[in-house]
Structure formats: structure tokens, C-alpha cells
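J.: First the structure, which I've put down as C-alpha cells, then a few questions once you've had a look.
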Amino acid sequence: MHDVPASIRCLLLSALEAESKAVGPEVRDAVRTTHYLLAGCRDAGVSVASIADVVQVRAESIRLRSVDGVLSVAVFARLAGVTVDEVSMWQRDGLLPTATPDALKRTGYPASALVAGLLATSEGGDASCLHPKRSL
């Protein structure tokens, strides 16, 4: 398997788990969040093959579904297993740009910047976050 930092592995698996648990109107947001995180990981230098290994889909599926977008700090923090305060520190430390609104006027940061911040501040950690398989 390709080398993927534990923080990224857990982030992606948490996003897939959130998708599988979402109901009603939450499903669209959960799927959109996953697509944003896929792009964020790609932009942060994680290879498509590595991402595909983690989420157990074909690389082409990752290429087709990854699109960068704005995520709220609360959503990202919950999925990444960090606190909102930690993410706020990334912005104060210059790891994140100024928060911006998305098309629906929800304020947040580009997923690519959030993933880069996570990679810059994580220590690898333990990839013991086991979640059920889910295909994209």
C-alpha cells in the first residue's frame, strides 16, 4: 500500500463514515465534503493511487470526484479529529488563508488549505481509525 500519513487516512475514512451515516438532506453535504477532501489531499501532494488505496476505489473514481471547495472549520475539525481551536491557530500561524464564504455563503477555508494545515501540524499518529468500507 502507498504511504499515506495516518492523519490523512483517518480524515478520509471519517468522511466516508459520515457519508454512510448521513440521511436526507445531510447526504448531499456529506458527499460534497468527501469530494472536497479528495481534492484537498491531491492538492496537498497525496497521490491519487494512495487516496484510492485508502478509500478502496479505483484511481479514476478519485480523479472524477475530487473538486476543491470551502469547508467549515467545525466540519473539518470533527472529521480530522482536531479541535476548532487548533484550526484557528493554523490561521493565526499563517498556514491558512483568510476565511471566505462559499456559493451558499457558508464561511470556511478551501479543503486543500485545511488538508495542508493538517499535514503540516500532524505527527503521523496511529492509523487505528477503523471504519466500514464504503465505495464512492
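The values are calculated or read from the model by the stated rules, or taken from the named source; none is laboratory data. If you're wondering where the values come from, they're calculated on a predicted model, not measured in any experiment. Cβ sites come from the backbone with ideal geometry, for glycine too, and all protein chains shown count toward neighbours.
J.: Just one of (1) closer than 16 Å to residue 35 by Cβ; (2) buried (at least 20 other Cβ atoms within 10 Å of the Cβ) trips up residue 102, so point out which.
T.: With respect to (1) closer than 16 Å to residue 35 by Cβ; (2) buried (at least 20 other Cβ atoms within 10 Å of the Cβ), residue 102 is out only on (2).
J.: Now, a different point. Failed condition for residue 74, given (1) aliphatic (A, V, I, L, M); (2) surrounded by fewer than 18 Cβ atoms within 10 Å (Cβ to Cβ); (3) in contact (Cβ under 8 Å) with a residue 12 or more places away in the chain, with all others met?
T.: Exception for residue 74: condition (3).
J.: Follow-up. Does segment 39-50 contain at least one residue that is in a helix (DSSP H, G or I), within 11 Å of the chain's Cα centre (by Cα) and among the hydrophobic types (A, V, I, L, M, F, W, C)?
T.: Yes - at least one qualifying residue is present in segment 39-50.
J.: Given the criteria surrounded by fewer than 15 Cβ atoms within 10 Å (Cβ to Cβ) and in contact with a helix residue (DSSP H, G or I) (Cβ under 6 Å, 6 or more places away or on another chain), does residue 84 qualify?
T.: Yes, satisfied.
J.: Sticking with this structure for a sec: Out of all the residues in segment 51-73, which are farther than 16 Å from residue 32 by Cα and in a helix (DSSP H, G or I)?
T.: Correct list: 51, 52, 53, 54, 59, 60.
J.: Oh, and also: Show the residue pairs that are 6+ apart or on different chains and have beta-carbon atoms under 6 Å apart, the first residue being within segment 19-38 and in contact (Cβ under 8 Å) with a residue 12 or more places away in the chain, the second being exposed (fewer than 15 other Cβ atoms within 10 Å of the Cβ).
T.: 35/67
J.: With the requirement that a residue be touching a residue at least 60 places away in the same chain (Cβ under 8 Å) and out of contact with any Lys or Arg (no Cβ under 7 Å at 6 or more places or on another chain), what does segment 7-18 give you?
T.: 7, 8, 9, 10, 11, 13, 14, 15, 17, 18
J.: Could you tell me which numbered condition residue 76 fails, if it satisfies all but one of (1) assigned to a loop (DSSP other than H, G, I, E, B); (2) over 18 Å from residue 4 (Cα atoms)?
T.: (1)
J.: Can you pull out the residues in segment 28-69 that are in contact with a strand residue (DSSP E or B) (Cβ under 7 Å, 6 or more places away or on another chain) and modelled with pLDDT of 95 or more?
T.: 33, 36
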